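Reviewing the structure listed below.
The values are calculated or read from the model by the stated rules, or taken from the named source; none is laboratory data. Small disclaimer: the values here were computed from a predicted structure and weren't measured. All Cβ positions, glycine included, derive from the backbone under ideal geometry; neighbour counts span all protein chains shown. Side chains are part of the model used for accessible areas, which takes the heavy atoms of the whole protein and leaves out ligands, DNA and RNA. Shrake-Rupley method; radii C 1.70, N 1.55, O 1.52, S 1.80 Å.
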Amino acid sequence: MHNMAKPQGTKSPHTLRLAFLGGGSFGTAMSNLAARNGCDSTLWVRNKRTVKSLQKNRVNKKYLPGYILDERLKYEHDLKAAVQDKDIIFVAVPSSAFRETLRKIRPYLSGQSVVSLTKGMEKDTFSLMSDIISQELPEVNFGVMSGPNLAVEIMQNMPSASVIASDSEPLRHAVQSALHSAFFRVFASDDIKGVELGGALKNIYAIAMGMAASYNVGENTKAMLLTRGLAEMSRFGVASGANPLTFLGLAGVGDLYATCSSELSRNYRIGNMLGNGMSLEAAIKKLGQTAEGVNTIQQVHEKATKLGIYMPITHALYAVIFEDQAALGVALNLMESGFRSDVEFVMPHEYSNESLNAQMNATSKK
Ligand SMILES: NC(=O)C1=CN([C@@H]2O[C@H](COP(=O)(O)OP(=O)(O)OC[C@H]3O[C@@H](n4cnc5c(N)ncnc54)[C@H](O)[C@@H]3O)[C@@H](O)[C@H]2O)C=CC1
Ligand SMILES: O=C(CO)COP(=O)(O)O
């Protein structure tokens with residue numbers, strides 16, 4: 001890797017050479033951002049015809065129609081040509097294709113760093129993308145990037161920010177200098193698990209919020225859902241080795257807010273379609289794009305059940321989507337469930353409902 005330790009804003013004698021793997025909306029938006037920043041940026045797309053169309057029209061017709069891409073952005077369908085001699089490889093394929101993509105690039109690696117842009121969990125293994133990188137590319141310097149980054153808003157130059165998490169300070173600086181601009185700020189973290197879990201878990205609550213919106217709920221209800229979702233995220237994060245304070249940052253509450261408030265979010269749209277009575281299969285088909293949250297609900301429901309982590313919203317959503325339970329009845333049960341502490345890192349939730357009931361009975365008898 002060249003000039004990794006250069007501080008942000010220093011004129012570099014060597015332009016960073018970047019590859020972005022995945023021609024969907026996010027890989028396209030981020031590779032475009034890097035090209036516009038003057039990086040040598042190449043977008044790898046597996047389909048040769050799509051590459052030809054991108055070269056000719058400079059528009060990603062399927063995923064970002066109507067947005068002209070920077071003339072300096074390069075396109076490649078040959079994986080070896082895309083990744084060899086690069087400084088950083090950003091991976092923006094869905095979680096279901098992440099491991100297979102790393103296996104394919106492995107023969108062409110000779111010192112490149114890898115940064116995951118993917119927000120999800122591998123089906124059945126519950127691996128996060130950082131776990132998969134460590135398993136498949138143990139020698140590689142890596143990071144994960146996550147934050148409130150709706151691709152369409154990035155293409156519209158709406159001011160946005162994200163987080164690069166890595167144990168490597170030079171890699172954090174390199175990613176900051178590659179992507180930072182007047183429209184896009186990149187903050188740093190060394191809590192890889194926390195940043196990654198923020199991006200993966202918020203998709204669960206975006207689906208819940210999209211579903212709630214179909215019932216025309218008020219702002220109080222949305223605020224409750226969002227903050228109790230955040231409580232679940234940080235609880236699950238701590239059980240997975242993350243720092244709970246990370247969930248107060250851009251990759252936690254920031255991304256949760258963006259994804260839970262916008263119809264640009266595919267997860268929100270899936271929830272909304274389900275709430276309006278569409279079947280899961282029909283909603284996924286109609287969306288025609290990646291919605292990681294559908295798999296994440298299943299993974300987290302299973303893991304939280306196994307580890308005894310209290311995730312009532314996730315379990316309720318699972319019951320509605322995968323066990324055909326009626327949404328209103330499930331929501332009522334959620335509302336009627338026992339007393340809890342607001343922020344358990346402030347006041348630990350140490351009383352079970354039974355012990356609380358016993359205390360209340362004792363008090364009322366006095
Ligand atoms: N779109 C967004 O606003 C953001 C997306 N992300 C994350 O980025 C990841 C990718 O999402 P999007 O780009 O939005 O998805 P998308 O649905 O727009 O596109 C997915 C792309 O991956 C390609 N792909 C699928 N399987 C592949 C395989 N086996 N090999 C190579 N390419 C394959 C598809 O052809 C398509 O080009 C997801 O984990 C998502 O959560 C993260 C931040 C923002
Ligand atoms: O992660 C995102 C924004 O930060 C994109 O959310 P969706 O995958 O729900 O579209």
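Surface exposure of the range 138-210, expressed per residue as accessible area with a 1.4 Å probe, stands at 32 Å². Restricting attention to the chain, close to 15% of DSSP beta bridges with both partner residues there are antiparallel. With an a/c value of 1.5 or above and a/b larger than b/c for the gyration tensor axes a ≥ b ≥ c computed over the alpha-carbon atoms, the chain is described as prolate. Accessible surface ranking for Glu169, Glu336, Glu344, 1.4 angstrom probe, highest first: Glu336, Glu169, Glu344. Once the Cα atoms are used to define both axes, helix 312-322 deviates from the longest principal axis of the chain by about 80 degrees. Rounded to whole numbers, the Karplus 3J(HN,Hα) couplings from phi for the range 137-151 are 10, x, 8, 8, 6, 9, x, 10, 10, 7, x, x, 9, 4, 4 Hz, using 6.51 cos²θ - 1.76 cosθ + 1.60 with θ = phi - 60°, and x at Gly and Pro. Applied to the range 249-264, the Karplus parametrisation 6.51 cos²θ - 1.76 cosθ + 1.60 on θ = phi - 60° returns per-residue 3J(HN,Hα) values of x, 4, 6, x, 4, x, 6, 4, 4, 4, 6, 7, 10, 10, 6, 5 Hz, with x for Gly and Pro.
Sequentially through the range 42-56, phi angles give Karplus couplings (6.51, -1.76, 1.60; θ = phi - 60°) of 10, 9, 8, 10, 6, 8, 5, 5, 5, 4, 4, 5, 5, 5, 6 Hz, Gly and Pro residues having no value and appearing as x.
Label separation (Glu100 vs Asp124): 1.3 nm, computed from points 7 Å beyond Cα along the C-beta direction.
In the structure shown, the pairs Lys62/Lys285; Lys74/Lys123; Lys123/Lys285; Lys52/Lys80 are assessed against 22 Å; a Cα-Cα span above that value is assigned to Lys74/Lys123.
Approximating the spin labels as points 7 Å out from Cα along Cα→Cβ, the Ala223-to-Phe345 distance works out to 2.1 nm. With the highest mean first, a sort of the peptides 250-256, 195-201, 44-50, 279-285 on other beta-carbon atoms found within 10 angstrom per residue produces 195-201, 250-256, 44-50, 279-285. Classified by the C-alpha gyration tensor, the range 223-297 has a prolate form. Its axis ratio a/c, with a ≥ b ≥ c, is 1.5 or above, and a/b is larger than b/c.
Annotation: amide H of Leu21 within the under-5 Å range of Trp44, Phe90, Val91, Ala92, sequence separation 5 or more or interchain, hydrogens built in the peptide plane. Near the amide H of Arg185, within less than 5 Å, lie the amide hydrogens of Ser160, Ala161, Ser162, all on another chain or at least 5 residues away, with H placed in the peptide plane. Report the calculated FRET efficiency for Asn157 and Leu248 (r = Cβ-Cβ distance, R0 = 30 Å), to the nearest 0.05. Efficiency for this residue pair is about 0.65. The distance linking the range 182-226 with the range 93-130 is 23 Å (Cα centroid to Cα centroid, whole angstrom).
Between amide H atoms placed 1.01 Å from N, distances below 5 Å from Tyr75 occur with Leu43, all of them 5 or more places distant or on a separate chain. With a 1.4 Å probe rolled over the protein heavy atoms of all chains, the accessible area of Ser341, Ser214 falls in the order Ser214, Ser341, largest first. Quick check: the angle from helix 293-307's long axis to the longest principal axis of the chain, C-alpha only, nearest 10 degrees? With both axes taken from Cα atoms, the answer is about 50 degrees.
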